[in-house]
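Notes for the one structure printed next.
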Amino acid sequence: MKAVVSLNSGSSSIKFALFALDGDNPAPALSAGGKIERIGISPRLAIRSAEGAVLHEQAWPDAADLTHAQLLAYLFEWAGGHLGEREVIAIGHRVVHGGTEFASPRLVDPALLERLEALCPLAPLHQPHNLAAIRAIATLRPGLPQVACFDTAFHHDKPTVAARMAIPRHLHDQGIRRYGFHGLSYEYIARRLAELDPALAAGRVVAAHLGNGASLCAMQAGRSVDTTMGFTALDGLMMGTRCGALDPGVVLHMQTQAGMTAAEVEQMLYLQSGLLGVSGISSDMRVLSASAAPEAEEAIDLFAWRAARETGALAATLGGIDGIVFTAGIGENHADVRSRICRRLAWLGIAIDEAANAVNAALMSRPDSRVRLWVIPTDEERMIALHTLATISGRTASAA
Ligand code: ADP
C-alpha cells in the first residue's frame, strides 16, 4: 500500500494533498488535503478528507518564528499517522518557474536544484519558497524521490510570437519573455475536457482560471498557444490584489514623479491593486458581491470587462473560438461573474443558459450557442501527483 504527496509551498502558506495508490486502481485517490496558512505570523493548519470532513486542525498563535521546515516536519508526522501502513513513495512539488529549459516535470537532484536556483530572479516571490520546501524534505526524508512540476511547462511550446515582447531582442535572448503560469491547472483542465467533451477538446478553447490569481489560456487541441500571464504572474487579467496588464508608463511615473521606490511599486502592483485596489473594500469576490458600495460594483464590472476583452484577444490568437472553460474559485462558483463575461462576449455567438449557470452546472451553454461553455473544477494537486508517479516510473503523465 503506497501513497504520493503533492506540495505547493509559498511565502506564507503550504498547500498539500495526500493520494493513496491501490494496486488494482491506478488512479491516485485523494486521502487528505489541506493548507498551512499565515506562516511567519501565526500559523494554522486545517486538513480535510476527500469528502470535506475536518480530519485535523492546529493553530500556533503568535508563533511567527515557526519555519516552513518545522511545519513540514509536523505535517509529515501527521501524515505518517494518517497513512498508517501506507508508504509515501514520492513527493511532487509545484515549482513556479521552469525557465526556457524545462518543458516537463523533472526528478530532483542537486544539479537540477542548482539550475532551478538560477531561475529565482525570474520569480523572486515564489521560486525560493518552492525550492526551500524541496531542500527541507531532502533533510527530513533523505532518499525520498522528489519531482519538480513547473507552472510554466504547459506553455513552453507556444509559438514564439506569443512569447516575445516588443523590446530589444537581446533581452528576449536573456530570458525576458512571456512564459505564462497556472500551467498545472490548464493541463488538468485539458485532460478533463478531453474526457468530458472530446470534440471540443480537439478544437479552439479558452480556459479561464479565475481565482485570487487569474489568467486565461488559449488552447488548440489541448495545447497552450497563448496565455495572458507573461514574464511574471502580474500580467493579463485583473486579480484579487494584482493589477494585471498595465501601461508600463504608470510604473515609471510612480517612480520618477511620485517618488516611490521599486519595492513600494512592487507592493502596490502585487498586493494593493486588483479587486482590492479598485473597490477599496476587499480582494474577495464574495465580499464584493455582498456589498452595496458602488466601488464594489465597479471592481466586479472591471474584472468581467477585462476577462471578456482578453478572451476576445485570445480568440484572435486561435482564429475563432469553440469553447470556454471556467475554473478556480470564481470560475467554478461565481455565476454572476461568469454571466457578465459571457454576455459581453455574445458577439462571438456565445449564448449562456442562465438557469444552468446559476447552479454551476458543468455544461452551461444553450444548445444554440456557437461556443460551448463548461465549468470544470481544477485540481492542480492531482496533476502534480500524476506527474510525480509518471516521472518516477519514467513515463509521461499523459500515459498515466
Ligand atoms: P487561489 O488563487 O488563492 O487558489 P481561489 O481559486 O480559491 O484562489 O479563488 C478565490 C476567489 O474565489 C475569491 O475571490 C472568492 O471570493 C472566490 N470564491 C470562492 N468560493 C466562492 C463561492 N462559493 N462563490 C463565489 N465566489 C467564490
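The values are calculated or read from the model by the stated rules, or taken from the named source; none is laboratory data. It should be emphasised that the depicted structure is a prediction, and the values quoted were computed from it without experimental measurement. Here the Cβ positions follow ideal geometry from the backbone for every residue, glycine too, while neighbour counts run over all protein chains shown. Heavy atoms of the whole protein, side chains included, go into the accessibility calculation; ligands, DNA and RNA do not. Shrake-Rupley method; radii C 1.70, N 1.55, O 1.52, S 1.80 Å.
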Open item on the list: If you average 1/r across every pair of different Cα atoms in the stretch 1-119 and take the reciprocal, what Kirkwood value do you get, in Å?
Closed with: 15.7
Task: Accessible area of Thr391 in the full protein assembly, 1.4 Å probe (Å², nearest 10) - done: 30
Open item on the list: Give me the tail of P(r) for the chain as a percent: Cα-Cα pairs with distance above 37 Å.
Closed with: 21
TODO: Could you order Val359, Val225, Val371 by accessible surface area, starting with the largest, using a probe radius of 1.4 Å?
DONE: Val359, Val225, Val371
Task: Under 16 Å from Lys15, Cα to Cα: lysines that are on another chain or at least 8 residues apart - done: Lys35
Open item on the list: Show log10 I(q)/I(0) for the stretch 121-194 at q = 0.12, 0.21 Å⁻¹, two decimals, from a solvent-free Debye sum over equal Cα scatterers.
Closed with: -0.50, -1.02
- [ ] Return the distance in nm (one decimal) between the two label points of a simple spin-label model at Glu264 and Ala59, each offset 7 Å from Cα along Cα→Cβ.
- [x] 3.5
Task: Once the Cα gyration tensor of the stretch 59-107 is diagonalised, semi-axes √(5λ) in Å - done: 28, 20, 6
Open item on the list: So for the chain, averaging the separation of alpha carbon pairs under 8 Å that are six or more residues apart and normalising by length, what relative contact order in percent results?
Closed with: 14
Open item on the list: Using only the Cα atoms of the stretch 168-273, what are the Rg and Dmax in Å?
Closed with: 16.7, 54
Open item on the list: Among Leu7, Ala166, Val206, which residue has its Cα furthest toward the positive end of the charge dipole of the chain, with +1 on Lys/Arg Cβ and -1 on Asp/Glu Cβ?
Closed with: Ala166
Open item on the list: So if each residue of separation counts as 0.36 nm, and I subtract the Cα-Cα distance between Ser11 and Ser289, what length gain in nm does that give?
Closed with: 97.2 nm
- [ ] Could you work out the equivalent-ellipsoid semi-axes for the stretch 267-366, taking the square root of 5 times each eigenvalue of the Cα gyration tensor, largest first, in whole Å?
- [x] 25, 17, 11
Task: Length-normalised contact order of the stretch 199-294 in % [C-alpha pairs under 8 Å, at least 6 apart] - done: 19
TODO: Using every pair of alpha-carbon atoms in the stretch 245-296, split the distances into 10 Å bins beginning at 0 and state the percent of pairs per bin, rounded to integers.
DONE: 24, 41, 26, 9
Task: Helix-only [θ]222 nm of the chain, DSSP H runs n ≥ 4, -39500 (n - 2.57) each, per residue, nearest 500 - done: -11000 deg cm²/dmol
Task: Fraction of beta bridges assigned by DSSP in the chain that are antiparallel (%, nearest 5) - done: 65
TODO: Could you run the Debye sum over the Cα atoms of the stretch 197-251, one equal point scatterer each and no solvent, and tell me log10 of I(q)/I(0) at q = 0.17 Å⁻¹, two decimals?
DONE: -0.58
Open item on the list: Stokes-Einstein diffusion coefficient for the stretch 300-359 at 10 °C in a medium of 1.306 mPa s, Rh from the Kirkwood formula over Cα pairs: what value in µm²/s?
Closed with: 134
TODO: Under 15 Å from a label point 7 Å along Cα→Cβ of Met1: give me every residue in the stretch 22-52 with its amide N that close.
DONE: 22-25, 29-32
TODO: Give the accessible surface of the stretch 244-397 per residue, rounded to a whole number of Å², with probe radius 1.4 Å and ligands, DNA and RNA excluded.
DONE: 46
Open item on the list: What do you get for chymotrypsin sites (Phe, Trp or Tyr not before Pro) in the stretch 70-120 restricted to DSSP loop and a cutoff of at most 10 other Cβ within 10 Å of the site's Cβ?
Closed with: none
